[in-house]
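A quick write-up on the structure given underneath.
Readers should treat all values here as calculations from the given coordinates under stated rules, not as data from a laboratory. The structure presented is a predicted model; accordingly, all values stated were derived computationally and were not measured. Here the Cβ positions follow ideal geometry from the backbone for every residue, glycine too, while neighbour counts run over all protein chains shown.
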């Protein structure tokens, strides 16, 4: 069908006997390109109108489809128009360069299809990860992994179809890939280890983008910014980027503090030995204060007990969990708890202990300084 249009137009232009062949060809090509440009403009306007029309609908996938197909649709119009112009030029000139028109048209159709599919994958990824758009927002890490896999499948399939269209045997290419894969595997074993490490991270999901992670085995701590197929980017707390090969995550322990349910306050408070008579009342009041504190999770372990006779203090253990997991909010709560404990200790006339030493001197031994003072007196 695509060949009938230029043939009909050539037949129509041949009836213009008053013009030379060059002028007829020039007018024909100009007319085809002009019609192509006008058609592309109309198609673009129609799709934009449809996008505005479907914006108010509850189904968001039609918006994603129209957004992904708009540019490829314009490209399709130009592809067909340029093909018709090239076919018309070939029928006039019989130049060898125009013999590749059929192959270029076929490759162009494949390229436009790939462009459309990649656009749909991109729009779907954006739709599923944007809060408020999709009915159920999915995890960005999972959606990103699936979209990368789909892109890889589309691109590899397109390359194989391209090669088949150019006359290369796909079976031969696949056979070469099977034999060469062994050599490539040995040469790129580290790259493959990182790839499968990234695959394991995407499947097991020990962390996701935005999580704060740390490794007790390595000096790794920060916020995950990107999980790629070869490496993971972590932003440390001093704002430096840290690039970790994915293979490392298969051999190290990873801690994910972002998934903690509570934060812990664990403090040891010491009062003086001379305040031992106030110990029971101080412990009781601290426990009551924590049980009634609005920011303390009383469903978790709550311990306030006289802990030990230390060298210079009587120690009290305070062990509780906050409801919040936010780092800044946690420290505000911890400050408030410690200030209230300070008030309780002072309200009982007790004081906090600090390291002291008591020197016992046997009777009959006179200190030189003391003797001097006595002699002066």
Original post:
Which length gain, in nm to one decimal place, applies between residue 358 and residue 346 when the Cα-Cα distance is subtracted from 0.36 nm times their residue separation?
Top reply: 1.9 nm
**OP:** Tell me the label-point distance for the pair residue 289, residue 50, using the 7 Å Cα-to-Cβ offset, in nm and rounded to one decimal.
**Re:** 6.9
Original post:
Based on the Kirkwood radius over alpha-carbon pairs, what value in µm²/s does the Stokes-Einstein equation return for the translational diffusion coefficient of the range 261-347 at 20 °C and 1.002 mPa s?
Top reply: 161
Subject >> Computed FRET value (nearest 0.05) for residue 205 with residue 280, which takes r as the C-beta separation and R₀ as 35 Å >> reply: 0.10
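Of the listed peptides 80-86, 355-361, what is their order by residue-averaged count of other C-beta atoms within 10 Å, with the highest listed first?
80-86, 355-361
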**OP:** Quantify how much of the Cα-Cα distance distribution of the range 206-340 extends past 21 Å, in percent.
**Re:** 56
